[in-house]
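The values are calculated or read from the model by the stated rules, or taken from the named source; none is laboratory data. Keep in mind that what you see is a predicted model, and the values were worked out from it rather than measured. Here the Cβ positions follow ideal geometry from the backbone for every residue, glycine too, while neighbour counts run over all protein chains shown.
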Amino acid sequence: MFQKEVFSQRLRDLRSEAGERQADVAELLGVKPNQIVEMENARKTTTFEKLCKLCEHYNVSADYLLGLIDEPRPLV
């Protein structure tokens, strides 16, 4: 089951592991940095389009990012 807290933690972890700032992710998604803060603090989520961009950028499945599986499987 989807939980905002899992999504937010995984997004934060992936961004940190990549050495990126919230502003970098905001630029990638075409949003303001405060929207990334909101997503990483589990106050907001995102659109399917932006979820796809995140998955492609970090090479992880949407299932992982959404907390439906626990292993960060790469995209095929």
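Sort out which residues of the stretch 1-38 are over 18 Å from Arg73 (Cβ atoms), at pLDDT 95 or above and among the aliphatic types (A, V, I, L, M), and write them in order of number. Selection gives Ala23, Val25, Ala26, Leu28, Leu29, Val31, Ile36, Val37.
The residues of the stretch 44-57 that are surrounded by 14 or more Cβ atoms within 10 Å (Cβ to Cβ) and more than 19 Å from Gln3 (Cβ to Cβ), listed by number, are Lys53, His57.
Of the helices (runs of 4 or more DSSP H) entirely within the stretch 1-71, those holding at least 3 residues that are free of Cβ contacts under 8 Å to residues at least 24 places away in the same chain occupy 4-17, 22-29, 33-40, 48-58.
Before we move on, is Tyr64 within 17 Å of Glu5 (Cβ to Cβ) and either surrounded by 14 or more Cβ atoms within 10 Å (Cβ to Cβ) or at pLDDT 95 or above (or both)? Judged against the criteria, Tyr64 is a match.
Could you please let me know if Asn41 is at pLDDT 95 or above, over 24 Å from Glu71 (Cβ atoms), exposed (fewer than 13 other Cβ atoms within 10 Å of the Cβ) and in contact with a helix residue (DSSP H, G or I) (Cβ under 7 Å, 6 or more places away or on another chain)? So Asn41 passes the test.
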